[in-house]
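Before any comments, here is the structure.
The values are calculated or read from the model by the stated rules, or taken from the named source; none is laboratory data. Worth saying up front: this structure is predicted, and the values here are computed from it rather than measured. When we count neighbours, we look across all protein chains shown, and the Cβ atoms used for this are built from the backbone with ideal geometry, even at glycine. Ligands, DNA and RNA are excluded from the accessible area calculation, which covers all protein heavy atoms including side chains. Shrake-Rupley method; radii C 1.70, N 1.55, O 1.52, S 1.80 Å.
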Amino acid sequence: MYRLGVFKTFLCFTLTITVSWALPTEVDGENCKLLDHLDYGFKGAHLISVQCGDNDIGVQLFEAENFAQTTVFGKDGNQLLQVTYDQTGDEHNMSINIEGKEFDVKDDDSKEEEAAKFKALLDNPALRYFPEAVRLIHDELKLLGWKSSSVMILYRLGVLAEHYKTVVLNKRWPWDKVDKDTYDYHGSNPSKQCKKNGWYDEDMDHLIETECRGICGPTCRSCWQSICGDCCMHKNCQIHDDLCTEYWKPDCLSGRGVLWDSPMSKLKGC
């Protein structure tokens, strides 16, 4: 169990995720369950436990005005990944620390090294079921990514890990499964409306043929509604999908690729 720190200037989430190596390879989280959700009585402070087996992953989310930090720990409490995002005036900054090696997302010279480190991290057995755990938090707790930078960071990392596991490692084709919620937002007569400047495709067949590019999630298989509030296409989700036409490009398989909006020089939103 990881302790919830008490900070006067930060809003804090601490999540403990227990993971087993005997789960099936399909990323659906059906073999994980939410054990505890403790509300500490002030806005933004939660302690959450998820069980998938007998191994642990810890996630801490800290948030304050103009600051957000997401940290992932391994079973023994060793820090595996930390993303720090802050804003000073009009300047936005982000650093990604992968197993002790820190990268500035604005430094193009370190892009390929970061992508290689990130891939090695995703291959680490300690994070083998990271996408299932994050998806369970998304589905059960419904924390809203567009309202919290630290949650947005966590969800986008979960989407990246799920994409890597299903499409790259397990060779699941983008069109072999379509998230049923996607049908509510697309087609000639959708039953639900897009939010957060999202848009829809009037032709469901065309959407599937184009691998659901722009929907926040890895291909058509999985829509993460709590990132932008729906299963429509969104600008920053489409930008990352376009980067991933070749899965091994540094801008696809890296933290900065899924998190950082380079043209706007800030954290990707909707």
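Structure summary
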read-out: Failed criterion for Gly41 (all others in (1) surrounded by 14 or more Cβ atoms within 10 Å (Cβ to Cβ); (2) at pLDDT below 90; (3) at positive phi hold); value: (1)
read-out: Given (1) modelled with pLDDT under 95; (2) touching a strand residue (DSSP E or B) at 6+ places or on another chain (Cβ under 9 Å); (3) open to solvent by 40 Å² or more (accessible area, probe 1.4 Å); (4) of a type outside the set (A, V, I, L, M), index of the condition Trp199 fails; value: (1)
read-out: Residues being touching a residue at least 40 places away in the same chain (Cβ under 8 Å), assigned to a strand (DSSP E or B) and open to solvent by 10 Å² or more (accessible area, probe 1.4 Å) - total across the stretch 59-80; value: 7
read-out: Qualifying positions in the stretch 142-168 - aliphatic (A, V, I, L, M) and crowded, with 17+ Cβ neighbours inside 10 Å; value: Leu143, Val151, Met152, Ile153, Leu154, Leu157, Val159, Leu160, Ala161, Val167, Val168
read-out: Close pairs (6 angstrom Cβ cut-off, 6 or more residues apart or separate chains): among the hydrophobic types (A, V, I, L, M, F, W, C) in the stretch 117-129, open to solvent by less than 30 Å² (accessible area, probe 1.4 Å) and not in a helix (DSSP H, G or I) anywhere; value: Phe118/Ser254; Leu121/Ile98; Ala126/Gly74
read-out: Among the residues listed as Ser222, Ser226, Ser262, the single one being among the hydroxyl-bearing types (Ser, Thr, Tyr) and closer than 18 Å to Met94 by Cβ; value: Ser262
read-out: Residue in the stretch 112-129 that is at pLDDT 90 or above, of a type in the set (Ser, Thr, Tyr) and surrounded by 15 or more Cβ atoms within 10 Å (Cβ to Cβ) present; value: no
